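Undergrad: If you scroll down you'll find the structure; I have some questions about it.
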Amino acid sequence: MSFGLHRTWKQELIKKIKIKEQDIILDLATGSGDLLQLIKEKSNCICVAYDSNMKMMMQAKKKLKKQKIFYINGMAENIPFKTNTFDFITLSFGLRNFTNVQKSLVEIKRVLKKRGKFYCLEFSEINNRSLRKIFDLYSKLIPLYGKLILNNEEAYSYLIESIKEFPNQIQLTKKLLKAGFNKIEVFDVLDGIASIHVSEI
Ligand SMILES: C[S@@+](CC[C@H](N)C(=O)[O-])C[C@H]1O[C@@H](n2cnc3c(N)ncnc32)[C@H](O)[C@@H]1O
């Protein structure tokens, strides 16, 4: 759907992190491990992959078999780690899928160290109105593409619906503030088609 651009956006997120070897990083909703791959290319820090879907994480494990990564299966709404554990938490294209976004954000804040940072990449709201209309038209074609080419209309309809319903840049900032984060920076990607929220306690 992003014509492969999601890879560049993930690189943009990782470029923003100043990682040291002794840092402990949690990659939430790790999926097939794209962010972890980029993190490991940058630093041999301690990485924890976390996802509610074991099958997705197995793909990451296969892809990153040479890397030392701890794999934990669980929900973002209930992270099984002590308070103040991680230097950085990364999350790409996962928050939109969480059952309880606000509860997950509170959990993320809890397990993050006091000077730690949370980096979140997610679809957002395009700023330019004409571009937004073009994207709306394009997004109407996605379920059709899912139906005709991939025989899975439902999954692609869900994708578009979840993007439409997800909070925009400002609304997500408010949720992060409500969860207890104090300093939040927002970086738009492609005029807001996605955005990176960098949050500190
Ligand atoms: C679209 S994938 C993104 C994967 C990866 N971060 C990426 O950018 O390629 C979303 C991931 O979120 C995971 N997920 C959905 N709900 C979750 C939850 N409540 N807690 C933890 N992981 C969840 C899914 O299993 C899936 O692997």
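The values are calculated or read from the model by the stated rules, or taken from the named source; none is laboratory data. No experiment lies behind these values; they were computed from the predicted model shown. A quick note on method: Cβ atoms are made from the backbone with ideal geometry, for glycine too, and the neighbour counts reach across all protein chains shown.
Undergrad: Do the conditions hold for Ile17, that is, is it away from the ligand (no atom under 12 Å from the Cβ), on the phi < 0 side of the Ramachandran plot and either out of contact with any Pro (no Cβ under 7 Å at 6 or more places or on another chain) or assigned to a strand (DSSP E or B) (or both)?
TA: It is true that Ile17 is away from the ligand (no atom under 12 Å from the Cβ), on the phi < 0 side of the Ramachandran plot and either out of contact with any Pro (no Cβ under 7 Å at 6 or more places or on another chain) or assigned to a strand (DSSP E or B) (or both).
Undergrad: Within segment 1-18, which residues are farther than 30 Å from Ile149 by Cβ and touching a strand residue (DSSP E or B) at 6+ places or on another chain (Cβ under 7 Å)?
TA: Lys16, Ile17
Undergrad: Further question on the same structure: Under the condition of being more than 10 Å from the ligand (Cβ to nearest atom) and part of a helix (DSSP H, G or I), which residue from segment 1-14 is modelled with the lowest pLDDT?
TA: Of everything passing the filter in segment 1-14, Leu5 is modelled with the lowest pLDDT.
Undergrad: A further question on this structure: Of all the residues that make up segment 170-190, how many are under 14 Å from Asn128 (Cα atoms) and at pLDDT 95 or above?
TA: So the answer is 2.
Undergrad: Being within 18 Å of Ser52 (Cβ to Cβ) and either free of Cβ contacts under 8 Å to residues at least 60 places away in the same chain or in a loop (DSSP other than H, G, I, E, B) (or both) narrows it down to one residue among Lys133, Lys147, Lys140, Lys103; which is it?
TA: Being within 18 Å of Ser52 (Cβ to Cβ) and either free of Cβ contacts under 8 Å to residues at least 60 places away in the same chain or in a loop (DSSP other than H, G, I, E, B) (or both) holds for just one of Lys133, Lys147, Lys140, Lys103, which is Lys103.
Undergrad: Just one of the numbered conditions (1) under 20 Å from Gly180 (Cα atoms); (2) within 12 Å of the ligand (Cβ to nearest atom); (3) not basic (Lys, Arg) is not true of Thr85; which one?
TA: (2) is the only condition that Thr85 fails.
Undergrad: Turning to a different aspect of this structure: Out of (1) closer than 24 Å to Asn128 by Cα; (2) not in a loop (DSSP other than H, G, I, E, B), the odd one out for Pro167 is which?
TA: Pro167 satisfies all of (1) closer than 24 Å to Asn128 by Cα; (2) not in a loop (DSSP other than H, G, I, E, B) except (2).
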